[in-house]
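Asker: Quick one: structure below, then a few questions.
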Amino acid sequence: MNSEKYPEPTGIMVNELYHEFQNEQPDFVLVYGDTNSTLAAAIAAGKLYIPVVHIEGGVRNADTKVPEHFNRVLTDHASELIFCVSNQDLKNLKNEGLGSKSFKTGDIMLDTVRIFRESSIPTENEVDYTNHALLTIHRNFNTDNPIVLGNILKNIGELNTKIIFPIHPRTMNAINSLNLKIPKNIEICKPLTYVEMLKVLKQCKYVLTDSGGLQKEAFYFGKKAAFVCHFDTFWDDLVSLDALKTLDPMNSFLPYESWLNEPMLLDSNPYGDGYTAKHTIDIIRNNI
């Protein structure tokens, strides 16, 4: 069932979390990002007057019909403290009157990359993906529309690059049910662990994805990325750094292939110093 279309799963989570928080009586509830569970936890905690702390707040999208946008806005306005990834996110919150409880601490994902970077070095016995691009497609707006999914596969099949595709079960089910053909340049593999994904990121030429997180992780490994989607990315900072572009699934990807293969010049990093967790904990201790 597509939880972005049907509200029942979110309602169930609100109810279950409400009772859990009521029993545990936490000092505060920390939520991350923009998922339905993020919003559910914020609602449940708010009903019990438990302070909500939102990590990765302030991210906004021009298309307000995007489910993640809706979740982020409501969670931010329900939060006691909001921690931002970038200056732009902090500016967004100030524009909404939330500046007094908002702080820029950086991207917690960069902390994780810093911690696991050494583990991401491939060993001699592992598969070499230096001649491949990395593809991930799993969002319902791509997998649930047969025309869009078929067009994505067709467009990728036109590229002059080998593609490694750790496929999500939802995507595999959609491809099989629609009898879609996998292009010859796409190599399907099982879903990867976090460290396995970092190893591919470290080697690959560039990234094609509909994942919000992977766009930033590609940047942290110095790889250009394309957001395969019909609406714009959340990460305007990466667009301004010429590290990210949005590709419309209904149009050819070929005009962007040369750009994707160009080396990325990392003049600046808008997402912090890799110690976001420490900065965040210090602020929470002083404010809750």
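Asker: Residues to consider are 57, 46; find the one that is open to solvent by less than 10 Å² (accessible area, probe 1.4 Å) and touching a residue at least 24 places away in the same chain (Cβ under 8 Å).
Answerer: Every option except 57 fails the conditions.
Asker: I'd like to know if the stretch 69-80 contains one or more residues that are open to solvent by less than 20 Å² (accessible area, probe 1.4 Å), outside any helix (DSSP H, G or I), in contact with a strand residue (DSSP E or B) (Cβ under 7 Å, 6 or more places away or on another chain) and within 23 Å of residue 29 (Cβ to Cβ).
Answerer: Checked the stretch 69-80: at least one residue is open to solvent by less than 20 Å² (accessible area, probe 1.4 Å), outside any helix (DSSP H, G or I), in contact with a strand residue (DSSP E or B) (Cβ under 7 Å, 6 or more places away or on another chain) and within 23 Å of residue 29 (Cβ to Cβ).
Asker: Can you name the residue in the stretch 226-273 that is within 23 Å of residue 145 (Cβ to Cβ) and of a type in the set (S, T, N, Q) and is also surrounded by the fewest Cβ atoms within 10 Å (Cβ to Cβ) among such residues?
Answerer: Selected residue: 251.
Asker: Look through the stretch 105-145, keep the residues that are of a type in the set (Phe, Trp, Tyr) and part of a helix (DSSP H, G or I), and return whichever of them is surrounded by the most Cβ atoms within 10 Å (Cβ to Cβ).
Answerer: 141
Asker: May I pose another question? Count, please, the residues in the stretch 19-62 that happen to be part of a helix (DSSP H, G or I) and in contact with a strand residue (DSSP E or B) (Cβ under 7 Å, 6 or more places away or on another chain).
Answerer: So the answer is 6.
Asker: Then there is this: Only one residue in 116, 83 is more than 19 Å from residue 232 (Cα to Cα) and touching a strand residue (DSSP E or B) at 6+ places or on another chain (Cβ under 7 Å), so which one is that?
Answerer: Only one candidate qualifies: 83.
Asker: I need the full set of residues from the stretch 274-284 which are in contact with a Ser or Thr (Cβ under 7 Å, 6 or more places away or on another chain) and surrounded by 19 or more Cβ atoms within 10 Å (Cβ to Cβ), in order please.
Answerer: 276, 280
Asker: Related question: Restricting attention to the stretch 89-104, which residues are surrounded by fewer than 19 Cβ atoms within 10 Å (Cβ to Cβ) and part of a helix (DSSP H, G or I)?
Answerer: 91, 94, 95, 99, 100, 101
Asker: Can you work out which of the residues in the stretch 38-79 that are charged (D, E, K, R) and in contact with a His (Cβ under 9 Å, 6 or more places away or on another chain) is modelled with the highest pLDDT?
Answerer: 76
One line per residue, one yes/no per condition, for (1) touching a Phe, Trp or Tyr at 6+ places or on another chain (Cβ under 7 Å); (2) not in a strand (DSSP E or B):
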site: 151; (1), (2): no, yes
site: 155; (1), (2): yes, yes
site: 165; (1), (2): no, no
site: 172; (1), (2): no, yes
site: 179; (1), (2): no, yes
site: 184; (1), (2): no, yes
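The values are calculated or read from the model by the stated rules, or taken from the named source; none is laboratory data. These numbers come from a predicted model, not from an experiment. We place every Cβ from the backbone using ideal geometry, glycine too, and count neighbours over all the protein chains shown. Areas reflect the complete protein model, heavy atoms only, side chains present, ligands, DNA and RNA absent. Shrake-Rupley method; radii C 1.70, N 1.55, O 1.52, S 1.80 Å.
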